[in-house]
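A quick write-up on the structure given underneath.
The values are calculated or read from the model by the stated rules, or taken from the named source; none is laboratory data. Worth saying up front: this structure is predicted, and the values here are computed from it rather than measured. Using ideal geometry, Cβ is built from the backbone for each residue, glycine included, and neighbour counts are taken over all protein chains shown. We work out accessible area using only protein heavy atoms, side chains counted, and drop any ligands, DNA or RNA first. Shrake-Rupley method; radii C 1.70, N 1.55, O 1.52, S 1.80 Å.
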Amino acid sequence: MKRFSFAFFLVFSWLPVVLAQPRVTFVSVPNVQKVDVLFDGTLFTSFIYSENLKKPVLWPVITAGGNEITRNYPLKIKAGERADHPHHVGIWFNYGDVNGLDFWNNSETVPAERAGNYGAIYHQSVDYTEEGKGTGRLNTNSLWKDNQGEVLLEETAEFTFSVQGNARIIDRISTLKAVSGDVKMTDNKEGMFAIRVARELELPASGKIRVTGAQGNVVEADASAGLTSGNYLSSEGITGEAVWGTRARWMKLQGIINGERVAIVIFDHRGNAGFPAYWHARGYGLFAANPLGQKIFSNGAEEMNFVIKNEHAATFRYRLAVFSGDPSVEGIENLAKSFQNKL
């Protein structure tokens, strides 16, 4: 009887570990141009490809505790959020100087007379999905076009959504192929893999800011008001707003949303051009890895001016982990190591 009880204990002591792995599934909603990513039937994020956004995005992004880490503006009204930079939507991937065109700052608010200065990314297809326990994969195809509709780059992107411990993970591999001649990605501050975070994850600030009012109007408010609790930490030990314009293998942003302690960690990959990336990480909620803007971030000491030759391709790999809790440096380094080894 004792042997049976011991075996019974062994079997069932492992069940919580197995059951903790959610099933990752995808639901296509073509009438609103999105694919929902579900963990055990609950929304984690959506791949949104509406052309009015000027690029595909992941939005919203939701923690295991049910809190959104992404800013709602301009897609949804939420009183008290900053109403700035309408091109900062969810999680995205683009750049500020592609053959002289600005893909980063493009949005519906750009005046018609200036539209020729901008490029946009157009979703073409979802090519593959793979659902499973603890992980799922979504492959997409899109085109980077100038204002006249000429295709500069064809992008194939592979998204892997997974869970490791208390982290929900998004791995993105984007391959950019030049299809109409050489593509020059001149050193520029605006890039490249980015997220715009919720107000609670901004760093505490002072002064006046413009925010969304209760009726959706834009009003002026005190920046110190609200529940801002964010702070950065880089792999090099730098904290706060001092991380901007520094190099790092990974960067963490942590804070508290509705009582849940959360952290976002973005990981660069050694296979990326410019590794380790410079960080375009701001206190007001923009959090981005920029491997190509070296001249700006180094005050001219370095210069890259990245080029993708015609019919050649370049691949960029990033990991973004959403933690419920505040991970240790050791835990982050373990995830960094697994990311480097995986791809």
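Numerical summary
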| item | result |
| --- | --- |
| Selected residue (criterion: modelled with the highest pLDDT) from residues of the stretch 77-126 that are assigned to a strand (DSSP E or B), closer than 30 Å to N166 by Cα and open to solvent by 10 Å² or more (accessible area, probe 1.4 Å) | V126 |
| Number of positions in the stretch 36-66 that are in contact (Cβ under 8 Å) with a residue 12 or more places away in the chain, within 21 Å of Q21 (Cα to Cα), outside any loop (DSSP other than H, G, I, E, B) and not hydroxyl-bearing (S, T, Y) | 7 |
| Candidate set from the stretch 307-319 (those that are in a strand (DSSP E or B) and in contact with an Asp or Glu (Cβ under 8 Å, 6 or more places away or on another chain)); member that is surrounded by the most Cβ atoms within 10 Å (Cβ to Cβ) | R319 |
| Unique residue being within 30 Å of S338 (Cβ to Cβ), assigned to a loop (DSSP other than H, G, I, E, B) and open to solvent by 10 Å² or more (accessible area, probe 1.4 Å) when the list is A273, A242 | A273 |
| A289 free of Cβ contacts under 8 Å to residues at least 24 places away in the same chain and under 20 Å from I238 (Cβ atoms) | no |
| Complete set of residues in the stretch 301-343 that are under 15 Å from A273 (Cα atoms) and over 20 Å from the mean Cα position of the chain (by Cα) | E302, E303, M304, N305, F306, V307, I308, K309, H312, A313 |
| Strands (runs of 3 or more DSSP E) enclosed by the stretch 156-232 - at least 3 residues per element that are closer than 30 Å to D127 by Cα | 167-178, 183-185, 191-196 |
| Hits in the stretch 129-148 - residues which are open to solvent by less than 40 Å² (accessible area, probe 1.4 Å) and more than 18 Å from the chain's Cα centre (by Cα) | G132, G134, L143, W144, D146 |
| Matching residues in the stretch 47-73 - criterion: being of a type in the set (F, W, Y) and in contact with a His (Cβ under 7 Å, 6 or more places away or on another chain) | Y49 |
| Qualifying residues in the stretch 182-208 (those that are touching a Lys or Arg at 6+ places or on another chain (Cβ under 8 Å) and either open to solvent by 20 Å² or more (accessible area, probe 1.4 Å) or without any contact (Cβ under 8 Å) to a residue 60 or more places away in the chain (or both)) - the one nearest to A79 (Cα to Cα) | R199 |
| Every residue from the stretch 37-69 that is farther than 17 Å from F93 by Cα, within 16 Å of the chain's Cα centre (by Cα) and of a type in the set (D, E, K, R) | E68 |
| Qualifying residue in the stretch 154-172 (condition: under 19 Å from H280 (Cα atoms) and open to solvent by 10 Å² or more (accessible area, probe 1.4 Å)) | yes |
| When residues of the stretch 224-234 are limited to those that are under 18 Å from the mean Cα position of the chain (by Cα) and small (G, A, S), the one farthest from G259 (Cα to Cα) | S234 |
| Output for the stretch 20-61, where each listed residue is in contact with a Pro (Cβ under 6 Å, 6 or more places away or on another chain) and open to solvent by 60 Å² or more (accessible area, probe 1.4 Å) | D40 |
| Total residues in the stretch 255-270, condition over 15 Å from the mean Cα position of the chain (by Cα) and either within 14 Å of I332 (Cα to Cα) or part of a helix (DSSP H, G or I) (or both) | 1 |
